[in-house]
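A.B. asks: Let me begin by handing over the structure; questions about it come next.
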Amino acid sequence: MFDIRHSPRLHRVLQASLASLVSASFICSHAALAADGGSYHLEKVVTIPSSDTGWDYNSLDQKREHIFIAHRKDGLHVYDIKSGTIIKTMENSIGANTSTLAPEFDIGIAGTTDGYVVVFQVSTLKTLSRYKSATEGFDGATFSDLTKRFAMVGEADETAKRTPVLFFDGKSGKPIGSVLVDSTKVDAPRPDYAGNIYLPLRDKAAIVKIDTKAMQVVATFPLNDCTMPTALEMDNVNKRIFVGCRGKGSSLPALAVLDAVSGEQIAKLPIGRGVDEVMYDTKSKSIITANGEDGSMTVIKQNSANEYLLTETIGTRPMARTGVLDEKTGKIYLVNAQYVNKYEGGGTPKTRFLPNTFSVLTYSR
């Protein structure tokens, strides 16, 4: 049998051929990624001074490239995308847990963990007022362009098994009414183009639809095998709802796609654990879920209104569960902090966040 070890010239030829094949394979794989927009990668990490406190939802002022970050005990931060710095923490915003903006009125609104409403001017970053609302704490928020109303999820009444959704005037931030939802865990709402908002009911495995003008529940869509829905986003052109479910028991984490009119489930795809944010890139036709428990993002391609394909799982960082998508650039901004679970006396763990580890993570393609 011929042994190439005894033929140095042939050995060199084979090595060169193998190197060419590997190089060609590398170039083809990268060309394929480039054609599809490429994979998300961590572009920048900005760590800011912080205390032992959690965080929740963020909102984007795309015109000025500012992200409003609700950092609970540390207040509502304003992150400037261009400079990569926190340019301000809004006055009287301690306890901020969510925020949303009404760009046409130059008004923003934030809700705190103890039920206060903070109204501010988006352009000047000036706090206009802070007042106590009719609830003891706020969760997610949104703004309806059609009815010109803010909506914020209030604190659940555990006895009555209901949660209030409070509405505020888009021009002034003043309260105008509320509606009670039959659920003890209602997560962040998202609007459509017709004056409605949709909210996931984590404890009911359902989506509720509220008419923001009439301020009443007009439909409830059961999710069945997509349990613990915690986040959603809308494709208002195709009238689709993308629902991120954490799963429970034999029901695994998944993204469910619903018809926004009928509530019919069109597709269901696997995602990572601990989803708390769903984003939709209208340019690339991609749905992205931020999965805090796994420290990942799941990317799903929308081939048509009824056809979806799981394409990627991207590693992020532990607890990076909420963020915003900048539709202009396609970049995603997540937030996280280093945490420690303390088991006091061997009992239920308590999560603590290490001071000065809170970070803004920029992911780009």
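The values are calculated or read from the model by the stated rules, or taken from the named source; none is laboratory data. For clarity, every value in this text was computed on a predicted model and none was experimentally measured. Please note: Cβ atoms are built from the backbone with ideal geometry, for glycine as well, and neighbour counts cover all protein chains shown. What goes into the accessible areas is simple: the full protein's heavy atoms, side chains included, and nothing from ligands, DNA or RNA. Shrake-Rupley method; radii C 1.70, N 1.55, O 1.52, S 1.80 Å.
A.B. asks: Using alpha carbon centroids, what distance separates the range 261-292 and the range 324-365, in Å?
C.D. replies: Cα centres, the range 261-292 to the range 324-365: 20 Å.
A.B. asks: Here's a follow-up. What spacing in nm lies between the two simple spin-label points modelled at R64 and E104, each 7 Å away from Cα in the Cβ direction?
C.D. replies: 2.0 nm
A.B. asks: In Å², what does the accessible area per residue of the chain work out to with a 1.4 Å probe?
C.D. replies: Here the residues of the chain average 46 Å² of exposed surface.
A.B. asks: At what distance in nm do the modelled label points of A160 and L309 sit from each other, each positioned 7 Å from its Cα along Cα→Cβ?
C.D. replies: Going from the A160 label point to the L309 one covers 4.9 nm.
A.B. asks: Summing Lys, Arg as +1 and Asp, Glu as -1, what charge do residues with Cβ under 13 Å from the Cβ of E136 carry, E136 excluded?
C.D. replies: After counting each charged neighbour, the total is -4.
A.B. asks: Follow-up. If a paramagnetic tag sat 7 Å from the Cα of T329 along the Cα-Cβ line, which residues of the range 69-105 would have the backbone N under 17 Å from that point?
C.D. replies: Inside the label zone: 69, 78-88.
A.B. asks: To the nearest 10 Å², what's F143's accessible area with a 1.4 Å probe?
C.D. replies: Ignoring ligands and nucleic acids, F143 comes out at about 10 Å².
A.B. asks: Here's another thing I want to ask about it. Need the list of aspartates and glutamates near K73 for cross-linking: C-alpha distance under 19 angstrom, and skip anything on the same chain fewer than eight residues off.
C.D. replies: D52, D56, E91, D114, E136, D139, E155
A.B. asks: Counting Lys +1, Arg +1, Asp -1, Glu -1, what net charge surrounds N238 among other residues with beta carbon under 15 Å of its beta carbon?
C.D. replies: -1
A.B. asks: For an R0 of 35 angstrom, estimate the FRET efficiency from the Cβ-Cβ distance between A194 and A134 and round to the nearest 0.05.
C.D. replies: 0.85
A.B. asks: So, one more: Counting only protein chains, not ligands or nucleic acids, how are T230, T329 ordered by accessible area (probe 1.4 Å), most first?
C.D. replies: T329, T230
A.B. asks: Could you tell me, in Å, what Rg and Dmax come out for the Cα atoms of the range 75-152?
C.D. replies: 12.3, 38
A.B. asks: Which residue fluctuates the most in the chain, going by a Gaussian network model with Cα springs under 10 Å, if the choices are E344, E307, E277?
C.D. replies: Of E344, E307, E277, the Gaussian network model singles out E344 as fluctuating most.
A.B. asks: Taking 29 Å as the cut-off for C-alpha to C-alpha distance, list the pairs among K126/K301; K283/K350; K126/K331; K88/K174 that go past it.
C.D. replies: K126/K301; K283/K350
A.B. asks: Rounded, prolate or oblate: which fits the range 240-365 when a ≥ b ≥ c are the square roots of the eigenvalues of the alpha-carbon gyration tensor, with rounded for a/c under 1.5 and prolate only if a/b beats b/c?
C.D. replies: Judged from the Cα gyration tensor, the range 240-365 comes out oblate (a/c at least 1.5, b/c at or above a/b).
A.B. asks: Here's a follow-up. To check my understanding: the extent here is largest minus smallest coordinate of the Cα atoms along each principal axis. What are those three numbers for the range 209-264, in Å, largest first?
C.D. replies: That gives 38, 23, 17 Å along the principal axes, largest extent first.
A.B. asks: Ok, one more. Using only alpha-carbon positions, what ratio does the radius of gyration of the chain give when scaled by 2.2 N^0.38 Å?
C.D. replies: For the chain, the normalised Cα radius of gyration comes out at 1.12.
A.B. asks: Here's a follow-up. Between E264 and V217, what length comes free when the chain is fully extended (0.36 nm per residue of separation minus the Cα-Cα distance, one decimal in nm)?
C.D. replies: Here the segment from E264 to V217 would lengthen by 15.1 nm.
A.B. asks: Let a ≥ b ≥ c be the square roots of the eigenvalues of the Cα gyration tensor of the range 157-259; is it rounded (a/c under 1.5), or, if not, prolate (a/b larger than b/c) or oblate?
C.D. replies: Oblate, because a/c is 1.5 or more while a/b does not exceed b/c.
A.B. asks: If you don't mind, another one. Considering only the other residues whose Cβ falls under 9 Å of the Cβ of N341, what net charge follows from Lys and Arg at +1 and Asp and Glu at -1?
C.D. replies: Here the charged neighbours net out to +3.
A.B. asks: Another question about this same structure. Let's test the formula: R0 of 25 Å, r as the Cβ-Cβ distance of R352 and I87. What FRET efficiency results, to the nearest 0.05?
C.D. replies: Plugging the Cβ-Cβ distance into 1/(1 + (r/R0)^6) gives 0.35.
A.B. asks: Can you tell which of P318, P349, P164 shows the greatest fluctuation in a Gaussian network model of the chain with Cα springs below 10 Å?
C.D. replies: Maximum fluctuation in the GNM of the chain, among the listed residues, is at P349.
A.B. asks: Over the chain, with a Gaussian network built from C-alpha contacts below 10 Å, which listed residue (L76, L146, L325) shows the highest mean-square fluctuation?
C.D. replies: L146
A.B. asks: Work out the FRET efficiency for K239 and Q338 from their Cβ-Cβ distance, taking R0 = 41 Å, and round it to the nearest 0.05.
C.D. replies: Computed FRET efficiency for K239 and Q338 comes out at 0.50.
A.B. asks: Here's something else I'd like to know. Any chance you could check the Cα centroid distance between the range 197-226 and the range 36-62 for me, in angstrom?
C.D. replies: Using only Cα atoms, the two centres lie 29 Å from each other.
A.B. asks: Compute the separation of the alpha-carbon centres of the range 156-184 and the range 87-111 and state it in Å as a whole number.
C.D. replies: 18 Å
A.B. asks: Calculate what fraction, in whole %, of the accessible area of the range 34-114 sits on carbon and sulfur atoms when a 1.4 Å probe is rolled over the protein chains.
C.D. replies: Exposed carbon and sulfur together represent 50 percent of the surface.
A.B. asks: Calculate, axis by axis, the spread of Cα positions in the range 291-339 along the three principal axes, and write the results as whole Å, longest axis first.
C.D. replies: Principal extents (largest minus smallest coordinate, Cα): 40, 25, 13 Å.
A.B. asks: Turning to a different aspect of this structure: Classify the range 220-303: rounded, prolate or oblate, from the alpha-carbon gyration tensor (a ≥ b ≥ c, eigenvalue square roots; a/c under 1.5 rounded; otherwise prolate if a/b is larger than b/c)?
C.D. replies: Oblate.
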